[in-house]
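Colleague: Here you go, one structure.
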Amino acid sequence: MDSKKASRRKFLKGGAAAAAVGAIQSASGQTPALVKSSLKDEVAYGERSHYVTSVRVPVLERPSPDEFGLTFHVLTPLQDSVGIITPSSLHFVGTHRGAIVPDIDPREYRFLLHGMVDRPLEFTLEELKRFPSVSRIHFIECLGNRAKPEHKTVQQTTGLTSCSEWTGVPLSLLLKEVGVQKGVSWVVSEGSEEVKGAGSIPLAKAMDDCLVAYGQNGEPLRPQNGFPVRLIVPGFEGIYNTKWLRRMKVADRYYMTYNDYGHISNDPKVAALTFQWGPKSVITFPSGGQKLPGRGVYQITGLAWSGGGAVRKVEISTDGGHTWKDAEIRGEVHRMAHTRFGMNWKWEGQECVVMSRCTDELGQVQPTRAQVAKVFNVPPDYYHNHGVQGSDNTIVPWRVATDGSVYNALA
Ligand SMILES: Nc1nc2c(c(=O)[nH]1)N[C@H]1C(S)=C(S)[C@@H](COP(=O)(O)O)O[C@H]1N2
Ligand SMILES: [Mo]
């Protein structure tokens with residue numbers, strides 16, 4: 001064997017990393033942390049700084065993972081968020097309802113599109129990727145995202161929403177490919193796990209802006225968020241965003257599925273068969289569990305979004321809703337996406353209640369709980385103990401105490 005070649009190979013195998021470390025070493029005169037950390041954690045797939053400790057936590061109501069090792073809802077730490085994108089590793093996870101996360105080999109993956117169509121088709125992941133892709137920023141929000149008095153932080157009141165850049169094929173393109181027949185009004189989607197996570201969306205929505213998505217924030221979907229393919233139904237309740245998407249059936253009727261449990265109710269005080277989120281917002285700073293170190297100037301900031309389209313305006317009140325000021329929109333506004341807002345604020349050390357209110361492009365205005373109670377003709381404090389029924393887009397107030405501690409003002 002040519003010894004020159006062999007040593008060259010040896011250099012390529014171990015030498016490149018050693019050479020890089022050597023360069024850093026000679027610059028600082030010390031062994032940097034890079035040498036000690038594992039190649040996998042810090043180099044091959046980047047880890048965040050060990051000073052950053054923000055994590056998802058389970059909903060108060062249910063531990064996760066439970067005694068069977070199953071995952072229920074885990075919440076996004078909105079209090080630590082900046083900008084509008086939720087890192088994939090901190091995206092909230094909706095309940096898997098009795099199933100473990102399916103382990104789907106992308107090479108074995110198939111997506112069936114059938115029903116009242118001219119040419120039913122089955123796609124591999126590779127075939128889906130041959131269609132022109134689109135990337136769009138959208139929030140997902142679970143219907144269970146409702147603030148309760150016992151919630152201490154914004155993660156607990158509102159952490160069942162996250163926002164990602166999703167990449168995939170427009171569902172409309174695939175529907176044109178199979179040829180939708182006359183009389184079709186609904187499209188039913190089904191996931192790969194035991195309980196299937198099935199749901200029905202109107203054909204008009206399916207043809208409008210839905211995505212058959214395989215990308216999340218520049219990489220493949222995370223397993224807990226639907227790897228390798230999920231449905232994105234912008235602005236609709238989270239439950240319609242079927243993960244581990246296995247098939248979609250084009251139909252002339254609404255299909256009752258497992259997912260309709262809890263969505264259709266004969267109680268007139270409960271919204272029946274809701275789809276689209278109303279305008280919603282929440283202040284993430286200052287929010288419950290945080291503490292202002294003293295009087296002075298701060299940035300009140302938060303997130304606003306709406307299932308009805310783009311956020312047009314966000315207002316902030318620092319006096320419990322008596323007066324309101326327009327917040328600044330800080331960054332880009334995307335339709336059906338989290339939108340960052342903020343305002344300079346001088347805190348004089350007084351006790352006060354801060355809250356935000358979103359108006360969307362349709363002119364819809366985020367309501368208070370008292371306003372929702374009025375619509376459903378129940379007493380103003382009806383929602384106090386168990387939260388708003390149906391989708392809750394009501395205003396979340398935070399109380400700042402004189403020592404700067406911040407509390408849930410619903411409590
Ligand atoms: N297949 C399948 N899809 C599903 C679910 C499910 O349990 N199974 N949960 C739904 C619910 S209730 C919500 S809120 C969203 C949450 O998406 P995420 O877990 O990516 O945040 O996924 C939806 N898609
Ligand atoms: Mo959900």
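Colleague: Identify, please: which residue in the stretch 120-152 is among the polar types (S, T, N, Q) and surrounded by fewer than 22 Cβ atoms within 10 Å (Cβ to Cβ) and is, among those, farthest from V396 (Cα to Cα)?
Modeller: T124
Colleague: Something else: How do the helices (runs of 4 or more DSSP H) wholly within the stretch 114-181 filter down when requiring 2 or more residues that are in contact with a Phe, Trp or Tyr (Cβ under 8 Å, 6 or more places away or on another chain): which remain?
Modeller: Filter on the stretch 114-181 gives 125-128, 171-178.
Colleague: Of the residues in the stretch 187-203, how many are modelled with pLDDT under 95 and away from ligand 1 (no atom under 16 Å from the Cβ)?
Modeller: Here the count works out to 1.
Colleague: Go through the stretch 150-185 and count every residue that is more than 16 Å from ligand 1 (Cβ to nearest atom) and more than 21 Å from F72 (Cβ to Cβ).
Modeller: Qualifying residue count for the region: 16.
Colleague: What tally of residues in the stretch 183-213 results from selecting those that are within 16 Å of ligand 2 (Cβ to nearest atom), under 16 Å from D252 (Cβ atoms) and in contact with an Asp or Glu (Cβ under 9 Å, 6 or more places away or on another chain)?
Modeller: So the count comes out to 1.
Colleague: Considering each residue of the stretch 315-347, count those that are surrounded by 21 or more Cβ atoms within 10 Å (Cβ to Cβ) and either at pLDDT below 95 or under 20 Å from the mean Cα position of the chain (by Cα) (or both), and give that number.
Modeller: 6
Colleague: Can you give me the number of residues within the stretch 139-153 that are within 14 Å of the chain's Cα centre (by Cα) and not small (G, A, S)?
Modeller: 6
Colleague: Hey, does the stretch 164-172 have a residue that's more than 16 Å from ligand 2 (Cβ to nearest atom), in contact with a helix residue (DSSP H, G or I) (Cβ under 8 Å, 6 or more places away or on another chain) and among the hydrophobic types (A, V, I, L, M, F, W, C)?
Modeller: yes
Here's the yes/no breakdown for (1) in a helix (DSSP H, G or I); (2) surrounded by fewer than 22 Cβ atoms within 10 Å (Cβ to Cβ); (3) within 14 Å of ligand 1 (Cβ to nearest atom):
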residue: D66; (1), (2), (3): no, yes, no
residue: T71; (1), (2), (3): no, yes, yes
residue: T86; (1), (2), (3): no, no, yes
residue: S89; (1), (2), (3): yes, yes, yes
residue: T95; (1), (2), (3): no, yes, yes
residue: P102; (1), (2), (3): no, yes, yes
residue: D105; (1), (2), (3): no, yes, no
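Colleague: I would also like to ask the following. If I go through the stretch 125-171 residue by residue, how many of them are farther than 22 Å from V57 by Cα and of a type in the set (A, V, I, L, M)?
Modeller: Qualifying residue count, the stretch 125-171: 6.
Colleague: Exactly one condition in (1) away from ligand 1 (no atom under 13 Å from the Cβ); (2) at pLDDT 95 or above; (3) in a loop (DSSP other than H, G, I, E, B) is false for P228; which is it?
Modeller: It fails just one condition, (1).
Colleague: Kindly list the number of the only condition in (1) assigned by TED's automatic domain parsing to the domain that holds V154; (2) away from ligand 2 (no atom under 13 Å from the Cβ) that fails for T95.
Modeller: Unmet for T95, out of (1) assigned by TED's automatic domain parsing to the domain that holds V154; (2) away from ligand 2 (no atom under 13 Å from the Cβ): (2).
Colleague: Among the residues of the stretch 200-218, are any farther than 30 Å from D360 by Cα, out of contact with any His (no Cβ under 9 Å at 6 or more places or on another chain) and touching a residue at least 40 places away in the same chain (Cβ under 8 Å)?
Modeller: Scanning the stretch 200-218 turns up no residue that is farther than 30 Å from D360 by Cα, out of contact with any His (no Cβ under 9 Å at 6 or more places or on another chain) and touching a residue at least 40 places away in the same chain (Cβ under 8 Å).
Colleague: Now for a separate question. Would you mention how many residues in the stretch 273-309 are under 23 Å from G390 (Cα atoms), of a type in the set (S, T, Y) and not in a strand (DSSP E or B)?
Modeller: Within the stretch 273-309, residues that are under 23 Å from G390 (Cα atoms), of a type in the set (S, T, Y) and not in a strand (DSSP E or B) number 2.
The values are calculated or read from the model by the stated rules, or taken from the named source; none is laboratory data. From a predicted model like this one, the values you see are computed outputs, not experimental measurements. FYI the Cβ positions are ideal-geometry reconstructions off the backbone, even for glycines, and counts take in every protein chain you see.
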